[in-house]
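First up is the structure itself, then whatever we jot down about it.
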Amino acid sequence: MDLTGLSADGTARNYVAGEWRAASGAEHDVTDPATGERLAGVGYATPEDVDEAVGAARTAFESWRETPVEERIQPLFRLKSLLEEHQDDIARVLVREHGKTLGEARGELRRGIENVETACGIPSMMQAGSLPNAAPDIDETAVRHPLGVFAAVTPFNFPGMIPLWFLPYAVATGNAFVLKPSERDPLTAQYLLELADEAGFPPGVVSLVNGGPDTVSALVEHDDVEGLSFVGSTPVARTLYEQAAAAGKRVQAQGGAKNHVIVAESADVGFAAEQTVSSALACSGERCLANDVALVAEPVYEAFREAALDRVESQVLGSGLDEGTTIGPLITPEHEERVRGMVATGVEEGADLIHDGRDWEVGEYPDGNFLGPCLFENAEPGMAIVDEEIFGPVLSLVRVADVAEGIEVMNESRFGNAASLFTDSGRDARRFKQDAEAGNLAVNAGTAAPMAFFHFGGAKDSFFGDLHAQGDDAVRFYTDEKVAIERWDY
Ligand code: NAD
């Protein structure tokens with residue numbers, strides 16, 4: 001890999017005080033999930049490395065907070081252009097270390113760039129409001145101000161987009177920002193930080209530390225980290241939320257998911273099946289927005305089943321770099337084993353596996369972590385494939401009488417990340433938007449992914465905190481509000 005952030009021997013490094021520095025901790029491998037080939041090493045930051053990064057960020061914050069907002073957003077405009085210029089190259093790095101298809105990688109980066117664009121509007125978004133004559137001879141003004149150093153800990157599945165849910169808003173509002181990307185695919189973050197370096201943020205305003213759980217603990221325990229954004233699995237999200245909150249820090253922690261699609265009797269069944277299969281299988285099912293349980297109204301069940309089966313059979317398994325591939329490899333051999341285990345459990349628990357992708361092979365890539373698409377029917381709540389996050393290319397069909405029963409079944413889930421409804425009825429849609437206990441909702445769309453200028457929702461065991469990523473919530477998360485009352489006529 002040809003990246004500046006890599007040392008001469010190919011090890012991903014930390015970016016601290018505007019410089020690339022080797023981490024002091026142990027080195028681990030970064031592996032191509034399609035070939036099993038070692039791509040690079042990644043050095044883990046020790047608590048001392050973290051302390052250096054946070055210290056430099058804290059120093060940078062002192063002058064950055066007073067830098068006029070119009071100047072603060074200039075590096076973001078440059079970053080947007082650089083990301084667009086390098087989008088294809090970043091996408092290739094992303095595919096090599098993650099496995100998703102090139103089209104998916106490009107799409108993910110586009111969603112990340114959208115956040116940079118949105119944060120360029122901080123001069124308007126950060127205004128809080130004022131009211132003359134709020135009381136006799138009193139004018140009242142709310143003022144938003146930055147807090148200090150914020151950290152973000154991000155997952156493996158969107159290594160390009162998710163860091164950009166946080167970095168642009170944190171720095172545009174006047175904070176300093178430290179990223180700890182997933183240790184499984186840290187090279188995309190190296191690339192992003194190289195471009196941030198070129199975009200011209202003052203040293204220390206943006207930083208990168210690599211590592212695993214110990215590096216995260218050092219960040220969460222650091223007195224000078226004011227707040228934490230986390231995205232990853234539910235047990236870690238819950239624990240970090242509790243730890244950070246107990247330490248008096250701001251925290252937003254997005255967790256795992258189990259998402260549902262409800263197919264109403266009035267739905268366009270072919271369209272619903274196409275969207276549902278794509279939602280469940282894109283990125284090999286490694287998406288927190290994957291709708292992998294379809295609650296299908298009895299009158300359209302058979303038609304939906306046939307259409308879904310057709311779509312599942314036409315998938316193409318292979319390397320994300322190969323043209324025509326629709327499903328790439330899973331992230332690690334351990335994760336592949338886990339997903340295969342979930343499929344076996346589904347069979348044992350009595351669901352009917354009507355399409356079994358477990359035998360699919362990709363001859364050219366014998367060492368890849370591949371699993372073909374699997375389709376279950378007659379699945380029911382209480383089965384692991386319906387209740388637990390799988391994070392693999394597995395879709396389960398559940399029969400329900402109607403939309404009302406679909407909503408009821410869906411709301412029994414402990415997760416609340418996303419849900420979709422396919423219908424031709426405004427009444428169904430209204431009921432769904434009101435009653436669904438999930439944070440991101442879609443009507444007649446397979447994947448409920450909000451644009452950057454809306455917040456990215458999440459509820460129940462899928463989100464811990466109050467203010468979400470993206471949009472206005474991000475501005476409020478990264479700022480504190482003071483209210484000033486003033487009297488000058490006395
Ligand atoms: P993960 O929880 O294993 O890791 C996420 C991050 O936490 C990584 O940076 C990792 O180094 C760190 N980490 C892991 N274990 C830790 C520990 N014990 N203590 C401290 N830090 C730790 O998650 P993952 O496998 O990288 O990502 C997949 C998960 O993320 C899925 O559950 C998926 O649903 C979820 N996810 C959620 C959203 C959302 O918006 N809700 C978005 C993307 C992914």
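Okay, here's what the table says:
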quantity: Residues of region 169-188 that turn out to be in a loop (DSSP other than H, G, I, E, B) and under 12 Å from residue 209 (Cα atoms), as a count; calculated: 4
quantity: For residue 250: the one exception among (1) under 30 Å from residue 224 (Cβ atoms); (2) within 16 Å of the ligand (Cβ to nearest atom); (3) crowded, with 19+ Cβ neighbours inside 10 Å; calculated: (2)
quantity: In region 205-227, residue surrounded by the fewest Cβ atoms within 10 Å (Cβ to Cβ) [restricted to those that are closer than 28 Å to residue 290 by Cα and either touching a residue at least 40 places away in the same chain (Cβ under 8 Å) or touching a Pro at 6+ places or on another chain (Cβ under 9 Å) (or both)]; calculated: 212
quantity: Which listed residue, of 75, 163, 159, is under 19 Å from residue 194 (Cβ atoms) and part of a loop (DSSP other than H, G, I, E, B); calculated: 159
quantity: One residue from 103, 36, 99 being exposed (fewer than 15 other Cβ atoms within 10 Å of the Cβ) and under 27 Å from residue 282 (Cβ atoms); calculated: 36
quantity: Test result for residue 230, buried (at least 24 other Cβ atoms within 10 Å of the Cβ), within 9 Å of the ligand (Cβ to nearest atom) and assigned to a strand (DSSP E or B); calculated: yes
quantity: One residue from 245, 218 being assigned by TED's automatic domain parsing to the domain that holds residue 477, more than 12 Å from the ligand (Cβ to nearest atom), over 17 Å from residue 166 (Cα atoms) and of a type outside the set (Lys, Arg); calculated: 245
quantity: Among the residues listed as 58, 78, the single one being touching a residue at least 12 places away in the same chain (Cβ under 8 Å) and under 29 Å from residue 450 (Cβ atoms); calculated: 78
quantity: Residues of region 233-242 classified as surrounded by fewer than 20 Cβ atoms within 10 Å (Cβ to Cβ), within 10 Å of the ligand (Cβ to nearest atom) and in a helix (DSSP H, G or I), total; calculated: 3
quantity: Region 346-366, residues that are surrounded by 15 or more Cβ atoms within 10 Å (Cβ to Cβ) and in contact (Cβ under 8 Å) with a residue 24 or more places away in the chain; calculated: 346, 349, 351, 354, 355, 357, 360, 362, 365
quantity: So residue 184, is it touching a Phe, Trp or Tyr at 6+ places or on another chain (Cβ under 7 Å), surrounded by fewer than 24 Cβ atoms within 10 Å (Cβ to Cβ) and either farther than 22 Å from residue 461 by Cβ or not basic (Lys, Arg) (or both); calculated: yes
quantity: Complete set of residues in region 384-420 that are small (Gly, Ala, Ser), surrounded by fewer than 24 Cβ atoms within 10 Å (Cβ to Cβ), over 24 Å from residue 338 (Cα atoms) and touching a residue at least 60 places away in the same chain (Cβ under 8 Å); calculated: 401
quantity: Long-range neighbours under 6 Å by Cβ, at least six apart or interchain, first residue acidic (Asp, Glu) within region 244-266, second more than 13 Å from the ligand (Cβ to nearest atom); calculated: 265/297; 265/299; 265/300
quantity: Of residues in region 375-404 being within 24 Å of the chain's Cα centre (by Cα) and hydrophobic (A, V, I, L, M, F, W, C), the one nearest to residue 306 (Cα to Cα); calculated: 395
quantity: Residue count for region 42-51, restricted to those that are outside any loop (DSSP other than H, G, I, E, B) and crowded, with 19+ Cβ neighbours inside 10 Å; calculated: 4
quantity: Some residue of region 139-150 being under 23 Å from the mean Cα position of the chain (by Cα), touching a residue at least 24 places away in the same chain (Cβ under 8 Å) and over 28 Å from residue 98 (Cα atoms); calculated: yes
quantity: Within region 372-490, helices (runs of 4 or more DSSP H) holding 1 or more residues that are more than 22 Å from residue 234 (Cβ to Cβ); calculated: 403-411, 426-435, 471-477
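The values are calculated or read from the model by the stated rules, or taken from the named source; none is laboratory data. All figures in this text were calculated on a predicted structure; none of them were measured in a lab. All Cβ positions, even for glycine, are placed from backbone atoms using ideal geometry, and neighbour counts span all protein chains on display.
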